[in-house]
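Nothing in this text is a laboratory measurement; each read-out follows from the coordinates by a stated rule. All values reported here derive from a predicted model rather than from experimental measurement. So basically every Cβ, Gly included, is an ideal-geometry build from the backbone, and we count neighbours across all protein chains shown.
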Amino acid sequence: MPIKLGIIGYGGMGMWHHKNAPKVKGVDVVAAYDIDAYQIDVAKKAGLRGYDKLDEFLKDEEVNTVLIATPNDVHKDLAVASANAGKNVIVEKPVAMSMKEIDEIIEAAEKNSVVFTVHQNRRWDKDFNKVKKAVELGMIGDVYTIESRVHGAGGLIYGWRNKKECGGGMLLDWGVHLIDQILYMIPNKVVRVYAELFSVLNKDVDDYFKLLMKFDNGLSAQIEVGTFCLKPLPRWFVGGNKGTLVVDDFEGHGEIVKLNKLADKFDAEIVETTAGPTRTFAPRPEEVKDHFELPDVNTEWIEFYENVRDTIEGKAELIVKPDEVKRVYSIIEAAFKSNYIGKAVEL
Ligand code: NAD
């Protein structure tokens, strides 16, 4: 059965789905609902049936799947209403404003026997998949630390993203992607979360945060999101007991560095820094290091909609599963709590 998609919230991301979802065989976009008359007009001009009333949109019999791309605070009510109207539901990230809201969506989807998933599209990012593959293949040995960061320079956050009551702020906006990537890569249990949130240039919401996750195998993952960083650090830094991996950007440029056989012959000598000596931090000479390319990956975002289509047809299991969405949210809730109490939260 082809997906006949109806979009709720025909703004930036709603239009993005309209442009990209039909690239997948068996996916058509047919209708849109928005509270803004101008956006409905834009949808109509783009060839969709445009609605200004939710109940009329949900009565559109051709629509069998709804994509919700509104501000975050209204996702839950719209998702529950769509499921109750018998539509499969795809919700943009972050799925909702609390674990209780996620449970309400899952309950409505189960009661109505419809598919429910979340657009965690950054599972298909090239940079992430290179790191995931290198970690899984043990290319740098046993990994003890993963740092995942996005540093932007703009500083200011606009529109509803700058309002706490709409679900704004970077922990919900980008944290949800970066946490999802780490949990998708590391299946172990998270035992501890520590987070600090800052409002550097934006008063109402977090525009910089640091988050530490400790896993039960000892691995430590750090996520850092900053909107006002004028000298950005690389996208990924991963340390293993056999080498170091760095990814510079979203395109996945970077490398793996390991020691070669000459390393045995290298005796670290004490170096003098401006105010004292050190042997531990004496640099290794270039001839004892080998540089390797990151693994090749073949990732196509369209797999997201292919998987939703195949799941609706009963031919596949969801890639983005409701339980995984809940696991990500449990880290987000722990991070907000940790920031509030000023201590780590044990899970
Ligand atoms: P936006 O402000 O550009 O668009 C939101 C649209 O929703 C607007 O047209 C607005 O009129 C409409 N709207 C608001 N309240 C509504 C309601 N109650 N009912 C119907 N329509 C309503 O926002 P955006 O940047 O498109 O973000 C929308 C969602 O998409 C957010 O949840 C955001 O986190 C997510 N998003 C995801 C990605 C991604 O890569 N997965 C990227 C950007 C945004």
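Listing for the model above:
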| item | result |
| --- | --- |
| Separation of the N298 and S220 label points, Cα + 7 Å toward Cβ, nm | 3.9 nm |
| Rounded tilt (10° steps) of 99-111 against the dominant C-alpha axis of the chain | 50 degrees |
| Förster radius 56 Å - calculated FRET efficiency between S330 and E287, Cβ distance, rounded to 0.05 | 0.75 |
| Two-site FRET efficiency, T145 against E107, from Cβ-Cβ distance with R₀ of 45 Å, rounded to 0.05 | 0.70 |
| In degrees, nearest ten, helix 126-136 long axis to first principal axis of the chain (Cα) | 60 degrees |
| The range 130-191-the range 54-106 distance, computed between alpha-carbon centres (Å) | 25 Å |
| Förster radius 25 Å - calculated FRET efficiency between D248 and K23 (Cβ-Cβ, nearest 0.05) | 0.35 |
| Protection proxy ranking of 324-336, 290-302 - average other beta-carbon atoms within 10 Å, highest first | 324-336, 290-302 |
| Beta bridges by DSSP in the chain, antiparallel share as percent, to the nearest 5 | 60 percent |
| Tilt relative to the chain, helix 322-341 - C-alpha long axis, 0 to 90 degrees, to 10 | 60 degrees |
| Residue among G155, G252, G167 with the largest mean-square fluctuation in a Gaussian network model of the chain, springs linking Cα atoms under 10 Å | G155 |
| Gain on full stretching of the segment that runs from E196 to D77 - 0.36 nm per residue minus C-alpha separation | 39.8 nm |
| Gain upon complete extension [K261, D323; 0.36 nm per residue less C-alpha separation] | 17.8 nm |
| Those GluC sites (Glu not before Pro) in the range 15-71 that DSSP places in a loop and that have at most 15 other beta carbons within 10 Å | E61, E62 |
| Residue-averaged 222 nm ellipticity for the chain, from DSSP H runs of 4+ at -39500 (n - 2.57), nearest 500 | -8500 deg cm²/dmol |
| Count of Lys pairs (Cα-Cα under 17 Å; at least 8 positions apart or interchain) in the range 3-119 | 17 |
| Tail weight of P(r) past 40 Å, computed on alpha-carbon pairs of the chain, percent | 20 percent |
| Pair K163, D204: separation of 7 Å Cα→Cβ label points (nm) | 0.6 nm |
